[in-house]
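To start, the structure itself, in structure tokens.
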Ligand code: G3P
């Protein structure tokens, strides 16, 4: 299972990268705005800074909603760095643009996916990643994890190679449940990754080991 971090915050990206367990980064316009990164030039530079911090794929989202605009933006993003994955919205022109980029060998991530049917379209268009938003489904009393299970079944039925990137992950149990269901990738905040470290018995056990070592020395 790949671990992506869902942020545009360079410190948090570096923190996860330094742990040695990070496989990539996902961003979106809201995450960029949260870091105060505005204006096309600054946003483009920030993507390059992220790519220079990590080894894996970095999803960069287009803001156009028409095919020509998505192609223009996606090509500029892909030119920035070899690690860039063009992130496209799950709308008709997004599917068309996904097929266009897949045919050119440019990696894609279909975002804002909330149904199995949308995930099927993403796979048909040759998406590298499909991003079902599980937290936002949970927010409206719909089981986000069930969507991961449905997509896993559909993709396995036909051998689709599109990777299921569980997105809108909010906490550690989402990560664990996605791993049980066979999601290929999860993307979440740093806390959803570092939270996996925590267990009181680890802390108690370590304190006891250190105490006993001191007694013998
Ligand atoms: O990866 C998608 C993500 O950025 C959305 O997360 O927590 O805003 O639903 P959230």
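Read-outs throughout are calculated quantities, based only on the coordinates presented, and are distinct from any laboratory measurement. As the structure is a prediction and not an experimental result, all values here were calculated from the model. Quick reminder, even Gly has a Cβ in these numbers, built from the backbone with ideal geometry, and neighbours come from all protein chains shown.
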Margin query: Give me the percent relative contact order of the chain, please, defined on Cα pairs under 8 angstrom at least 6 residues apart.
Written below: 17
Margin query: To test your reading of the geometry: what angle, between 0 and 90 degrees and rounded to tens, separates the Cα axis of helix 144-158 from the longest principal axis of the chain?
Written below: 60
Item checked: Tail weight of P(r) past 15 Å, computed on alpha-carbon pairs of the stretch 9-97, percent -> 57
Notebook entry, point to check: Which angle between 0 and 90 degrees, to the nearest 10, do you get for helix 172-181 versus the longest principal axis of the chain when only C-alpha atoms count?
Noted result: 60
Check: Based on the inverse mean of 1/r over its pairs of different Cα atoms, what is the Kirkwood hydrodynamic radius of the stretch 176-217, in Å?
Finding: 13.0
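Suppose a student asked you for the relative contact order of the stretch 1-105, using Cα pairs under 8 Å spaced at least 6 residues apart; what percent would you report?
Working: 144 pairs, mean separation 23.5, N = 105.
Rounded, it is 22 percent for the stretch 1-105.
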Checklist line | Kirkwood Rh and Cα Rg combined as Rg over Rh, evaluated for the stretch 54-173 | finding: 0.97
Checklist line | Highest-first arrangement of 118-124, 177-183, where packing means the average Cβ count within 10 Å | finding: 118-124, 177-183
Checklist line | With eigenvalues of the C-alpha gyration tensor scaled by 5 and rooted, the chain, Å | finding: 33, 22, 14
Note to self: Order 3-10, 153-160 from most to least packed using the mean count of other Cβ atoms within 10 Å.
What the structure shows: 3-10, 153-160
Next item on the list: Can you tell me the 0 to 90 degree angle between the C-alpha axis of helix 67-80 and the longest principal axis of the chain, rounded to 10?
Entry: 50
